[in-house]
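Visitor: The structure follows.
The values are calculated or read from the model by the stated rules, or taken from the named source; none is laboratory data. Computed from a prediction, not measured in an experiment: that's the story for all the values here. Cβ: placed from backbone, ideal geometry, glycine included. Neighbour counts: every protein chain shown.
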Amino acid sequence: MTLLSEIVMTDLMKAVQLHEFGGPEVLIYEDVPRPVAAPGEVLVRVKAASLNPPDLYLRDGFRSLPPEWQPDPVFPLTLGTDISGVVAEVGDGVVGLRVGDEVYAMVRFPEELMKGSGAYAEYVHVAVAELTLKPGAIDHVQAAGAPMSVLTAWQFLIDPGHDLPNPFQSFRHSPVSLEGKTVLVNGAGGGVGHLAVQIAKWKGARVIAVASGKHEALLGDLGADEFIDYTQVAAETVASDVDVVIDAVGGQNMERFLSVIKRDGALYLVNPLGFSGHDEAARSGITVSSTQVRSDGAQLAEAGRLLDNGIIRVVIDSVFPLADASDAHERASRGNIQGKIVLIP
């Protein structure tokens, strides 16, 4: 005889919920209803999920944004976008995927940026267009660390993959050819930065990596031709004749990089809020551009071939149980991360 409580429990899962904005301590590990796969979706049993800056911003209520951009959430919500896992259920109309397939994805980003995409959980429903088969040569931890970071680097440096309006500027972001160019990556030790170094190198660029000294050996191993320890010297005082700067850090004084860029070069800002050097850039003939990273299963498939072949790799800073997501966010808040932080359900 099957008890009603047993039936109910099969419809529940563990997830990390946010009931209010605040510090890492507001993340609550609890039972929530398990989602189902709608038409055009699959249900993924999550094997690993990674942290990204938007997770921290949303947890904190996006207080750094202008008031009109801040979220008006319906609590509770589940954070997280990046997952790797196994297909547990296939929705109507889905072809080419079956139960048991290993997949990875960036889930519903930026469409559900302000209300949580649901990746900090044991299961998540994902649109087929947003996922692809996991590269077989890497494990779920590495695969979960890839999606947002690799898609950000890809869409800035290779192809945006869409013509949707850009919230940061009036024109479409158009990457330049990198072959034979000099590319400086600021924040090269972080999630986006270490992948941007590798992708730029793969495309034939000479790469200057800017990070703290703890990352020097790693970035040299990943292909950087030159390393600048920003804790010892300001990058803009030693770099010169750079074709492209991709700043994966943001914050104050992003304008300082204009002085190292050649005329007709480009400054790509992953987080452009606060940049005030547009007039100076125009006088120097420098294009300043940004874009909003978007979920894209087809681009993940392209990047997956590079991950499979070892041309690029995902570096893991640390791994935490899903139940300890607050500790993972505390680690992220301390900064100086090398690669990605990953959660294991």
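Visitor: Quick one: would you say Ser295 is more than 22 Å from Lys181 (Cα to Cα), surrounded by fewer than 20 Cβ atoms within 10 Å (Cβ to Cβ) and touching an Asp or Glu at 6+ places or on another chain (Cβ under 7 Å)? Steps first, answer last, please.
Guide: Details: more than 22 Å from Lys181 (Cα to Cα): yes; surrounded by fewer than 20 Cβ atoms within 10 Å (Cβ to Cβ): no; touching an Asp or Glu at 6+ places or on another chain (Cβ under 7 Å): yes.
No; evaluated as a whole, the condition is false for this residue.
Visitor: Next question, about the same structure. Could you tell me which of the residues Gly251, Gly223, Gly277 is over 26 Å from Ile316 (Cα atoms) and either without any contact (Cβ under 8 Å) to a residue 60 or more places away in the chain or not acidic (Asp, Glu) (or both)?
Guide: Residue meeting the stated conditions: Gly277.
Visitor: Would you mind finding the one in Ala137, Ala209 that is in the same structural domain as Leu300 (by TED's automatic domain parsing) and of a type in the set (Gly, Ala, Ser)?
Guide: Values: Ala209 fails: in the same structural domain as Leu300 (by TED's automatic domain parsing).
The conditions single out Ala137.
Visitor: Pro39 is checked against (1) within 28 Å of Gly250 (Cβ to Cβ); (2) surrounded by fewer than 19 Cβ atoms within 10 Å (Cβ to Cβ) and fails just one. What number does that condition carry?
Guide: Single failed check for Pro39: (1).
Visitor: Go through the stretch 42-69 and give me each residue that's assigned to a loop (DSSP other than H, G, I, E, B), modelled with pLDDT under 90 and either outside the structural domain of Asp92 (by TED's automatic domain parsing) or farther than 16 Å from Phe21 by Cβ (or both). Show your work before the answer.
Guide: Step one: filter the stretch 42-69 for residues assigned to a loop (DSSP other than H, G, I, E, B), giving 51-52, 60-66.
Those still in the list that are modelled with pLDDT under 90 too: 62-66.
Answer for the stretch 42-69, where residues must be assigned to a loop (DSSP other than H, G, I, E, B), modelled with pLDDT under 90 and either outside the structural domain of Asp92 (by TED's automatic domain parsing) or farther than 16 Å from Phe21 by Cβ (or both): just Pro66.
Visitor: Which of the residues spanning the stretch 70-117 are among the charged types (D, E, K, R), surrounded by 20 or more Cβ atoms within 10 Å (Cβ to Cβ) and in a loop (DSSP other than H, G, I, E, B)?
Guide: Applying the first criterion (among the charged types (D, E, K, R)) to the stretch 70-117 yields 72, 82, 89, 92, 98, 101-102, 108, 111-112, 115.
Subset that is surrounded by 20 or more Cβ atoms within 10 Å (Cβ to Cβ): 82, 108.
Correct list: Arg108 only.
Visitor: To continue, here is another question. Of the conditions (1) assigned to a strand (DSSP E or B); (2) under 22 Å from the mean Cα position of the chain (by Cα); (3) aliphatic (A, V, I, L, M), Leu219 satisfies every one except a single condition; which number is it?
Guide: Unmet for Leu219, out of (1) assigned to a strand (DSSP E or B); (2) under 22 Å from the mean Cα position of the chain (by Cα); (3) aliphatic (A, V, I, L, M): (1).
Visitor: For Leu164, which of the numbered conditions (1) outside any loop (DSSP other than H, G, I, E, B); (2) farther than 30 Å from Ile344 by Cα; (3) not basic (Lys, Arg) fails to hold?
Guide: In the conditions (1) outside any loop (DSSP other than H, G, I, E, B); (2) farther than 30 Å from Ile344 by Cα; (3) not basic (Lys, Arg), Leu164 misses (1) alone.
Visitor: Go through (1) of a type in the set (D, E, K, R); (2) in contact with a strand residue (DSSP E or B) (Cβ under 6 Å, 6 or more places away or on another chain); (3) over 30 Å from Asp308 (Cα atoms) for Asp82 and report which single condition fails.
Guide: That leaves (3) as the condition not met.
Visitor: What number of residues within the stretch 262-276 are crowded, with 18+ Cβ neighbours inside 10 Å and not hydrophobic (A, V, I, L, M, F, W, C)?
Guide: The first filter runs over the stretch 262-276 and keeps only residues crowded, with 18+ Cβ neighbours inside 10 Å, leaving 265-272, 275.
Retained after the next criterion (residues that are not hydrophobic (A, V, I, L, M, F, W, C)): 265, 268, 271-272.
Looking only at that region, the number is 4.
Visitor: Here is a follow-up. Consider Arg256 against the criteria (1) surrounded by 18 or more Cβ atoms within 10 Å (Cβ to Cβ); (2) under 22 Å from Pro175 (Cα atoms): it satisfies all of them except one. Which criterion is unmet?
Guide: Every condition holds for Arg256 apart from (1).
Visitor: Additional query: Just one of (1) assigned to a loop (DSSP other than H, G, I, E, B); (2) touching a residue at least 40 places away in the same chain (Cβ under 8 Å); (3) of a type outside the set (Ser, Thr, Tyr) trips up Val192, so point out which.
Guide: Val192 satisfies all of (1) assigned to a loop (DSSP other than H, G, I, E, B); (2) touching a residue at least 40 places away in the same chain (Cβ under 8 Å); (3) of a type outside the set (Ser, Thr, Tyr) except (1).
Visitor: Within the stretch 141-162, which residues are more than 11 Å from His173 (Cα to Cα) and of a type in the set (Phe, Trp, Tyr)? Talk me through it step by step, then tell me what you get.
Guide: Let us first name the residues in the stretch 141-162 that are more than 11 Å from His173 (Cα to Cα), namely 141-154.
The answer is Trp154, and nothing else.
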